[in-house]
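The structure under discussion appears below in the form of structure tokens.
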Amino acid sequence: MHSKAPRRDVRRVTIDLDSHLESSGLTLTELASRVGITLVNLSVLRNNRAKAIRFSTLEALCEELDCQPGDILRYE
Amino acid sequence: MNDISIKQILTGTYPRNSRLAQWDRRILKGIMNVVLFLALAGTTVDVMDLEGSLHFNPISAIDATFQRSHWGRINMDTVVPGFREKLPPNVELWSPGVWAAIKVEHPDRTTKTLSRLSRVPSSVLLVAIIWMLRSIVVTTVGTNTSEGDPFIRPNVRRLYILALLLTASPVIDFVSQIAESELVSRSLPKDFAVSSVDFSSFVPSIGMGLLVLVLAEVFKIGVRLREDVEGLV
């Protein structure tokens, strides 16, 4: 039996890119280019509209922003 | 066309903005539009209680009729009394009546109503089914600029409606048959008509309805998966 799925409209894990972008001095376009995803997708991620994130994307973000996954992901 | 290989044509993997793909879409949409037009024309003819049909048979080759006729069973026991005794002993009639096309002369208001009732609901049902199929095909093939996608919520709704229409079709068919039977009885002298309702199409229709219902559920899951994938970064 599957347990009841959580409501999709309630975001509990959020992403904080802005503070890390500021400290790294990168623009959103530059970060998108370095991570290897489109600017649109990075905006989706930044605005917490993404439903899931690949480990490869997360790894690339951590690499470019020089941080740990826990630094950019927040559970609210 | 020149930049498309034979392999691409055979596997159907040619680019969607190529001329061949454009023709593919045009032909498919054209076929659906023609089918829809024919169904609408048929419904209009039924509503107006007209008929124009061509029959192909080996005797007269082409037989054109432009007068409304209804299908009913004629009681052979009334037409030819004692005909059963003349049949060879190894022949047994499956039904007491034979199918015949019955033309209604000088129909009154009730007869016209019955005539419409025997055809219009089925025709409207057919138009609705074709309309739903056409909408699904149009969203699936897409356009020259946008990719077609069958896994969208409107298609799930259309499939549910389609399943409902197919499941309800036996009921409409039943009503049509009753109306047709009553019409034939009114148009023939007493004891000539044999009332009958054919249930043979009920099981296939309900089966098809259930099949489309399963398909709708599959599409529903497909839509959810698509939404998940689209939200994946």
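Here, each number is a calculation from the coordinates, and none is a lab measurement. All figures in this text were calculated on a predicted structure; none of them were measured in a lab. Please note: Cβ atoms are built from the backbone with ideal geometry, for glycine as well, and neighbour counts cover all protein chains shown.
List of remarks:
- Calculated log₁₀ intensity ratio I(q)/I(0) where the Debye formula runs over C-alpha points of region A:7-76, q = 0.14, 0.19, 0.20 Å⁻¹: -0.38, -0.71, -0.79
- Within the shell of other residues whose beta carbon sits under 14 angstrom from the beta carbon of B:Lys86, the net charge comes to -2, with Lys and Arg scored +1 and Asp and Glu -1.
- Charge dipole (debye, nearest 20) of the protein assembly as shown; +1 at Cβ of Lys and Arg, -1 at Cβ of Asp and Glu: 420
- Cβ-based charge dipole, chain B, positive-most Cα from B:Leu166, B:Ile74, B:Ile27: B:Ile27
- Convex hull of Cα atoms in region B:120-216, direction-averaged projection (nm²): 7.4
- About the centre of its Cα atoms, chain B shows a dipole size close to 560 debye [charges on the beta carbon of Lys, Arg (+1) and Asp, Glu (-1) only; nearest 20 debye].
- Descending semi-axes in whole angstrom, ellipsoid equivalent of the protein assembly as shown, from the Cα gyration tensor: 64, 24, 17
- What the Cα atoms of chain B give is an Rg and a Dmax of 24.5, 83 Å.
- C-alpha center-to-center spacing [region B:145-212, region A:32-69] in angstrom: 53
- For chain B, the number of Lys pairs with C-alpha atoms closer than 28 Å, counting only pairs eight or more positions apart or on separate chains, is 6.
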